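Reviewing the structure listed below.
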Amino acid sequence: YSLAGVPFNMTSKLLLASVLIILFQCGEGTIDDKDETCKAAQMLQHTKATKTRAPPDEEPSDVTNVLEAGVEVAKVEVDHAMQVSLGNFKVCNHICKTPNEHQWNFCTKKCPSGFVGGAPKSLFLSYWDQGDCGRHGDDWHADWCGWGGVGSKCKEKKPHWSPWCSDNKMEIESANVPDWWEPWHFKVGPDRHNCRFAYKVQFKCGGSATTAKVLQIGSYDECAEKSGGTCCVKPQQKLKCNRDAGNEGIRVNSNGKDFGNERLFDTYNGDPKSAKFDVVHKGDKVCVTRTDATGWKMRLQLACMPE
């Protein structure tokens, strides 16, 4: 694989695909001498039909020309893919190491597989929203605060268990919690998107603890190294990911809403929240397999501890 994540063995495939696309666009009729791209592609088509009549010890000049043209086309395709991927890496490295909520939307949808970024504050947010209006999904981590028991569970300054802190403990940073007998009245808010909450509690790792990093896996179809329902990626840095890191309540990516029914933070792409994954390490790669189906559409992100 190249630095951009493009397999070197894709060159021949890109060559063939590019020629076929050109033939489709140009047709098989008369061509203009100035249209060298169409000319080269049609020469290749002609060569395939007549190459059995070529002398075995002599390479026809039109074949050489076509191959040279095809190599140039393939090079452009690969260069473009590398530029896009490298460009995204540069932007991700700039804004996704410590992203705010607005930057996080870009980080989730644009950073390439294997990218390792910082964890957004929303990863440590717990809320119970009215209906399904929360930006990060319905009742995002609401169970941390015990729903109706929020008054006793999340008003006290006691640590909570978390897989995203090196000591497995997170503490309350801020809490917007109503009186314990009325959380279901949804008195918190509305926010600027007219969403009301029973409570919103922001957590964080303790001062001496290390916070998890976010590993971009992406969708199965986008995976450069996949086989039999398993996708493997090589992280930018050495990480330790738990086997359940892709499961509901532990994975990083969400399916939240923004304005109206537009899901700004929706990364599920039709996959259910209940999708289950098995995450294992194989050498310097992290390999993910969905266990309740084959493949996935979501832009999967894992929270893993740096080593």
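Here are the numbers for this structure:
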quantity: Hits in the stretch 243-261 - residues which are at pLDDT below 80 and under 12 Å from the mean Cα position of the chain (by Cα); calculated: Ser254
quantity: Flag for Lys90 being surrounded by fewer than 21 Cβ atoms within 10 Å (Cβ to Cβ), under 15 Å from the mean Cα position of the chain (by Cα) and modelled with pLDDT of 75 or more; calculated: no
quantity: Positions within the stretch 191-216 being of a type in the set (Gly, Ala, Ser), touching a residue at least 24 places away in the same chain (Cβ under 8 Å) and either outside any strand (DSSP E or B) or open to solvent by 10 Å² or more (accessible area, probe 1.4 Å) (or both), in sequence order; calculated: Gly206, Ser208, Ala209, Ala212
quantity: Qualifying residue in the stretch 292-300 (condition: acidic (Asp, Glu), more than 16 Å from the chain's Cα centre (by Cα) and farther than 27 Å from Thr210 by Cα); calculated: yes
quantity: Selection status of Phe106, modelled with pLDDT under 90 and more than 20 Å from Ala303 (Cβ to Cβ); calculated: no
quantity: Residue tally, condition under 17 Å from Val252 (Cα atoms) and part of a strand (DSSP E or B), over the stretch 281-307; calculated: 12
quantity: Criterion (modelled with pLDDT under 80, hydrophobic (A, V, I, L, M, F, W, C) and open to solvent by less than 60 Å² (accessible area, probe 1.4 Å)) met by exactly one of Val177, Val150; calculated: Val150
quantity: Counted residues, the stretch 217-250 - those being of a type outside the set (A, V, I, L, M, F, W, C), in a loop (DSSP other than H, G, I, E, B) and surrounded by 23 or more Cβ atoms within 10 Å (Cβ to Cβ); calculated: 1
quantity: Scope the stretch 94-118; condition open to solvent by 30 Å² or more (accessible area, probe 1.4 Å) and either among the hydrophobic types (A, V, I, L, M, F, W, C) or in contact (Cβ under 8 Å) with a residue 60 or more places away in the chain (or both); matching residues; calculated: Ile95, Asn105, Phe106, Lys109, Ser113
quantity: Options Trp140, Trp128: the member that is surrounded by 22 or more Cβ atoms within 10 Å (Cβ to Cβ) and under 23 Å from the mean Cα position of the chain (by Cα); calculated: Trp140
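The values are calculated or read from the model by the stated rules, or taken from the named source; none is laboratory data. As the structure is a prediction and not an experimental result, all values here were calculated from the model. FYI the Cβ positions are ideal-geometry reconstructions off the backbone, even for glycines, and counts take in every protein chain you see. Note: accessible area is taken over every heavy atom of the protein model, side chains too, but ligands, DNA and RNA are not part of it. Shrake-Rupley method; radii C 1.70, N 1.55, O 1.52, S 1.80 Å.
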